[in-house]
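Since the structure comes first, as structure tokens, the remarks are kept for the end.
The values are calculated or read from the model by the stated rules, or taken from the named source; none is laboratory data. Computed from a predicted model, the values in this text were never measured in an experiment. Note: ideal-geometry Cβ built from the backbone for every residue, glycine included; neighbour counts use all protein chains shown.
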Amino acid sequence: MAGGTTSAVLAVAIVLLARSVSAQQLVSSVPITPVLQLQAARVIPDVVNGVVSPAENLTIIYGGVNSVGYGNELTVNQTQAAPIVNVINGSDPASLYTLILSDPDVPDPSVAGPNSSYLHYLVVNITGGASSNIAVTGVPLAPYQPPAPPSGLHRYVFQLYKQNATARIGNISVSRSGFLPKTFAATYGLGLPVAVNFFRAQPAGANNLTTNSTPDVVEVQELLRGRVIPQVVPPFTPLARLNVSYGNGTLSYGQIIAPAEATSPPAVYAQGIAPGTIYNSTFPYFTLAVVDPDAPDPTTPTSSLILHYLKVNIPTNTPTANIVNVTGGNVLQTYAPPGPPTGLHRYTFVLYGQGRLSNATAPASRSLFNLTSFALNNTLGSPLAAFYFNSLRVNTTTAAFAPANTNATLVTPTATNATAAKVPAPAPK
């Protein structure tokens, strides 16, 4: 009998380990477009609120070989010289354009706020119709300054705006620190960009951080990519990884799925980063919360957070192969499947450790749920783990598009008569 029990436990351990390490990836029905990639990386709405429909594609090449590709990682050494910038399908020869390169993650992605931004490149009055390197046909108000992130994985976002008719932007004074593309675009009547692309970079010597580092650092990097840290939870050191599965497929960080693929509560497993880190006398129980920080729309999340699931008193005393099945416990808020009205929403799972049985009560409303206050009031401390996926209504994949504003008037401040641009040059970010 003992041998049979041991075999059964071992079999369960193998199944659970397979689920956590090599489970089949859920194949989503949502086609991945450039706009969705911008939304998933929070370029929309952190940097811009959308792109003009139909959007053009920017091709950006550093050193003749290193292309920018919607969030790929380049090294600071690869991006020292200004890149060649072109527009797929060409630009309008009868129009002028503005090109911006900015970093919204200064000084560090874990603490960057909505007004954290640094200008790396600003070229105005670019002549449309150029066949190669459109940037050289314009006036550089802020010459190219290469990335030099002090810490963390930063987003470097190229934005191309179509200026109104043939109006020109004068030699204005701009500041690199605190430069906000949305504000600049509004000031000069540029509307939404016609094309956006971006890459990521880390400090020199740390460019393999996400692949050659400890598991807890890898988890943090994934949460930073989706801005779960710091927009949903403050910076923390993960003690576990959450494995979330719907149906027969396991989700990856930030994966984009349709609401119809997540109608029932998922299977959730917590895998300790080190043996004994998530189930011991310190944490005999778990609390699991699932929230949407992007309601009703990522550009105006006035209902955030929306609570989609809340369970407390989940027992942790039956781990197998350093994995805990996050099941059982007391449901304080039943599972509500994703139902984003517009835009791409992050559905974020946050796991806390409990030192004792919780007397927490159900919140009065799903809307405007304060996760930080709930954790504080119930002495939960910092999260043990977090995970997120993205979802949107399949028939609203172009929600971040807007038609071109052909009637916008280019507003030129009085400083446009300056003879030269005055660009302060503080330490690069």
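One table, with the values for the structure above:
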quantity: Set 113, 129, 191: member being in a loop (DSSP other than H, G, I, E, B), farther than 20 Å from residue 45 by Cβ and of a type in the set (Gly, Ala, Ser); calculated: 129
quantity: Pairs where the first residue, in region 118-139, is without any contact (Cβ under 8 Å) to a residue 24 or more places away in the chain and the second is of a type in the set (Val, Ile, Thr), C-beta under 7 Å, 6+ apart; calculated: 137/126; 137/127
quantity: Residue that is surrounded by the most Cβ atoms within 10 Å (Cβ to Cβ), among those in region 117-163 that are touching an Asp or Glu at 6+ places or on another chain (Cβ under 9 Å) and of a type in the set (Gly, Ala, Ser); calculated: 117
quantity: Residue 356 being in the same structural domain as residue 291 (by TED's automatic domain parsing), within 19 Å of residue 297 (Cα to Cα) and assigned to a loop (DSSP other than H, G, I, E, B); calculated: no
quantity: Within region 78-91, considering residues that are polar (S, T, N, Q) and not in a strand (DSSP E or B), the one modelled with the lowest pLDDT; calculated: 89
quantity: Residue 425 more than 30 Å from residue 269 (Cβ to Cβ), part of a loop (DSSP other than H, G, I, E, B) and at pLDDT below 95; calculated: yes
quantity: Region 90-117: number of residues that are acidic (Asp, Glu), touching a residue at least 60 places away in the same chain (Cβ under 8 Å) and under 17 Å from residue 48 (Cβ atoms); calculated: 1
quantity: Given (1) more than 21 Å from residue 259 (Cα to Cα); (2) at pLDDT 95 or above; (3) among the β-branched types (Val, Ile, Thr), number of the condition residue 291 does not satisfy; calculated: (1)
quantity: Test: residue 332 is assigned to a strand (DSSP E or B), in the same structural domain as residue 239 (by TED's automatic domain parsing) and over 26 Å from residue 255 (Cβ atoms); calculated: yes
quantity: Pick from region 375-413, criterion within 19 Å of residue 301 (Cβ to Cβ) and surrounded by 20 or more Cβ atoms within 10 Å (Cβ to Cβ), ranking: modelled with the lowest pLDDT; calculated: 399
quantity: Residue 94 vs. criteria modelled with pLDDT of 95 or more, assigned by TED's automatic domain parsing to the domain that holds residue 160 and part of a loop (DSSP other than H, G, I, E, B); calculated: no
